[in-house]
1. With respect to A:ARG12, determine if the residue is more than 8 Å from chain B (Cβ to nearest Cβ), farther than 30 Å from B:THR86 by Cα and in contact with a Phe, Trp or Tyr (Cβ under 9 Å, 6 or more places away or on another chain).
2. Quick check on segment A:85-94: of everything there that is over 9 Å from the mean Cα position of the chain (by Cα) and among the hydrophobic types (A, V, I, L, M, F, W, C), which residue is nearest to DNA strand C (Cβ to nearest atom)?
3. How many of the residues in segment A:32-53 are touching a residue at least 40 places away in the same chain (Cβ under 8 Å) and of a type in the set (Val, Ile, Thr)?
4. Could you list, in sequence order, the residues of segment B:127-146 that are within 11 Å of chain A (Cβ to nearest Cβ) and either without any contact (Cβ under 8 Å) to a residue 12 or more places away in the chain or β-branched (Val, Ile, Thr) (or both)?
5. Among the candidates A:VAL188, A:VAL224, single out the residue that is aliphatic (A, V, I, L, M) and in contact with a Ser or Thr (Cβ under 9 Å, 6 or more places away or on another chain).
6. Out of all the residues in segment A:207-230, which are assigned to a helix (DSSP H, G or I) and buried (at least 18 other Cβ atoms within 10 Å of the Cβ)?
7. Can you pull out every residue in segment B:92-117 that is touching a residue at least 12 places away in the same chain (Cβ under 8 Å) and among the small types (Gly, Ala, Ser)?
8. Can you find even one residue in segment B:96-107 that is of a type in the set (D, E, K, R) and either touching a Phe, Trp or Tyr at 6+ places or on another chain (Cβ under 9 Å) or more than 12 Å from DNA strand C (Cβ to nearest atom) (or both)?
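The values are calculated or read from the model by the stated rules, or taken from the named source; none is laboratory data. Computed from a predicted structure; not experimentally measured. In this analysis, Cβ positions are derived from the backbone assuming ideal geometry, glycine residues included, and neighbour counts consider all displayed protein chains.
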There are 2 protein chains.
Amino acid sequence: MSKTLLPPKRSRLEDVARQAGVSAQTVSRVLRKPGLVAEATRQRVQSVIDRLGYLPDLVASNLATSSTRMVAAIIPSLASSVFADTMQALSATLATNGYQLLIGDSNYSPEHEDELVQAMLGRRPDAIVLTGTSRSKKVRALLARAGVPVVETWNLTANPIDLCVGFSNHAAGFDIARYIFRRGYRRVAFIGRLRNDPRSEDRLRGFREGLRGHGMSSVRVIEVGDPASPEVGAAGIDELLRRYPDADAVFFGSDRLAIGGLLACVRRGIAVPERLAIVGFGDFEISSLTMPSLTTIAVPTWEIGSITGELVLARLAGREIPERIVDLGYRFIQRESA
Amino acid sequence: MSKTLLPPKRSRLEDVARQAGVSAQTVSRVLRKPGLVAEATRQRVQSVIDRLGYLPDLVASNLATSSTRMVAAIIPSLASSVFADTMQALSATLATNGYQLLIGDSNYSPEHEDELVQAMLGRRPDAIVLTGTSRSKKVRALLARAGVPVVETWNLTANPIDLCVGFSNHAAGFDIARYIFRRGYRRVAFIGRLRNDPRSEDRLRGFREGLRGHGMSSVRVIEVGDPASPEVGAAGIDELLRRYPDADAVFFGSDRLAIGGLLACVRRGIAVPERLAIVGFGDFEISSLTMPSLTTIAVPTWEIGSITGELVLARLAGREIPERIVDLGYRFIQRESA
DNA sequence: TTGAAAGCGGTACCAC
DNA sequence: GTGGTACCGCTTTCAA
């Protein structure tokens with residue numbers, strides 16, 4: 001029952017032109033700069049356009065103008081709500097100027113990320129947005145030479161390829177360490193992903209440094225794999241209690257894990273924070289609603305997307321960019337779990 | 001400090017050709033059908049390609065071949081985890097054959113969806129994936145004439161434009177009504193979004209019909225607006241208890257709302273399911289972890305994406321499609337909340 | 001096995 | 001205001 005797809009030969013600029021008795025040039029003007037066309041002509045052409053249901057071929061237009069009005073974005077995972085928020089904000093901001101998003105999902109794999117960047121570059125996007133900083137020398141060189149704005153997001157770098165919008169994961173980890181110390185916890189753990197997640201790694205590094213500053217040298221680390229789901233967080237709690245039954249506080253690399261860990265504690269009757277304090281990262285939408293509610297770090301997911309979009313638009317419009325590195329900060333949110 | 005972007009004049013096929021002492025055609029062949037080129041020539045050309053860091057311009061290639069290897073997808077919201085899962089599966093499936101995803105976010109607005117479809121069509125995608133069924137006559141006609149595969153997902157229709165992959169929201173609502181009736185609940189409510197969310201509407205319609213079949217004619221309906229967050233679900237519970245204090249069971253249009261409602265009950269000391277039973281929709285990842293855990297409907301989010309991807313690939317490869325409508329069904333998951 | 005020429009469907013530039 | 005013409009960078013067709 002599959003229908004035969006003989007090309008329905010869509011109409012072109014020239015078809016419209018012929019039927020309207022004008023040149024292709026004029027039709028093009030009607031579409032792009034109607035002001036330059038006599039009103040009578042304009043109407044005649046427009047009516048043919050409507051009748052034929054003519055849709056300009058942007059591929060051809062892109063080739064001629066060497067601008068695609070597409071922005072390529074590469075993210076570790078589409079199915080992660082935090083990045084999805086950023087992408088939605090980015091998409092909304094870009095849409096106000098007719099730019100569209102080409103999204104590539106690297107699935108947290110660096111090699112795949114490299115391939116993706118190449119594939120994307122071939123499509124000649126007007127700008128490129130990366131999540132995190134690309135670590136491959138080759139790709140960085142490629143991007144630098146691409147001649148389009150490049151925004152690295154989510155993680156601040158001292159040496160961005162071009163632009164950078166985000167916050168310091170390291171500083172956030174550091175702050176959490178200080179908070180945990182002040183609250184009197186001394187046998188501290190970290191549960192989170194490390195391999196292939198540089199942002200999470202940075203948090204742990206900052207956390208470690210913060211603790212060391214208070215004379216606490218050891219962190220009980222439990223590394224979890226993909227995906228960082230609540231189930232995995234719950235399993236992390238079990239492993240923690242088995243391997244380090246003395247732990248009195250745990251910092252989860254993300255709220256997604258932390259919520260799972262928190263709910264596991266509730267189920268198992270482990271008092272939070274009395275027996276075990278929990279701190280998350282990311283302030284997910286249910287983190288304020290659980291009982292106990294989750295102490296965590298709120299991250300400007302939406303703003304990263306919208307500011308990135310604005311920077312891209314500014315660049316593309318030839319406007320001056322005051323700061324190449326935009327630190328949006330984060331907020332520590334003290335709730336009940338720690 | 002904005003750097004000057006004088007076009008770094010990327011190298012073209014012809015540049016490579018000249019430097020390798022061959023014609024542009026030969027370079028093109030090296031890239032696309034290396035088998036047709038003498039090995040010595042191939043190596044010489046390849047080394048020039050590497051040295052120049054030549055990347056083929058896909059825009060030009062697309063124009064020449066009239067195929068973009070892009071699939072356009074239009075979804076109500078990027079920031080919704082369910083659609084994000086579907087998109088990730090779709091993206092992964094398409095990526096195996098070098099297709100890329102152009103994602104547009106309609107923000108749950110039908111008018112915006114229409115515009116998006118038009119904008120997308122101009123980019124000449126090789127296929128189009130819609131979430132839900134487009135209701136605008138004009139757009140349906142446009143899509144039907146576009147000459148590319150169109151897959152409507154998430155909601156089954158009797159009359160798809162082309163292909164359709166999903167499940168019946170109506171049937172799911174119907175089943176939930178029966179379950180609720182059998183468990184002995186008689187003063188039933190619905191909390192969810194309706195305007196601009198045809199899928200949720202369908203669930204309520206099925207729910208209503210199911211109840212009517214058991215002689216229960218009235219449903220206490222509380223409509224919520226954007227976004228359907230857990231906070232909104234919690235507020236919904238408060239409104240429900242105020243307006244319909246007699247309600248003994250509530251069906252939430254989505255787990256995102258239901259989780260919020262459930263946690264609100266826990267906080268307020270309302271016994272679930274004894275005082276108020278709760279049924280959700282969508283089986284989110286934490287729905288099995290709350291206490292009580294959430295009774296809900298599991299929806300094949302991932303499969304919708306992967307099957308859609310396979311159908312698209314089949315169509316584009318000219319393979320026969322056995323069924324134009326693919327019903328992936330859903331699973332009722334009984335847990336503790338109802 | 002390789003190359004020359006004619007598109008693909010628009011837009012830029014320059015006359016009229 | 002409007003039209004002619006030369007591209008944009010690649011692929012396809014056909015000859016050599």
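1. Yes.
2. Across segment A:85-94, the extreme among qualifying residues is A:LEU94.
3. Result for segment A:32-53: 0.
4. B:ALA141, B:ARG145
5. A:VAL188
6. Residues satisfying the conditions are A:PHE207, A:ARG208, A:GLY210, A:LEU211, A:PRO230.
7. B:ALA92, B:GLY98, B:GLY104, B:SER106, B:SER109 - these are the residues of segment B:92-117 that are touching a residue at least 12 places away in the same chain (Cβ under 8 Å) and among the small types (Gly, Ala, Ser).
8. The answer is yes, given that some residue of segment B:96-107 is of a type in the set (D, E, K, R) and either touching a Phe, Trp or Tyr at 6+ places or on another chain (Cβ under 9 Å) or more than 12 Å from DNA strand C (Cβ to nearest atom) (or both).
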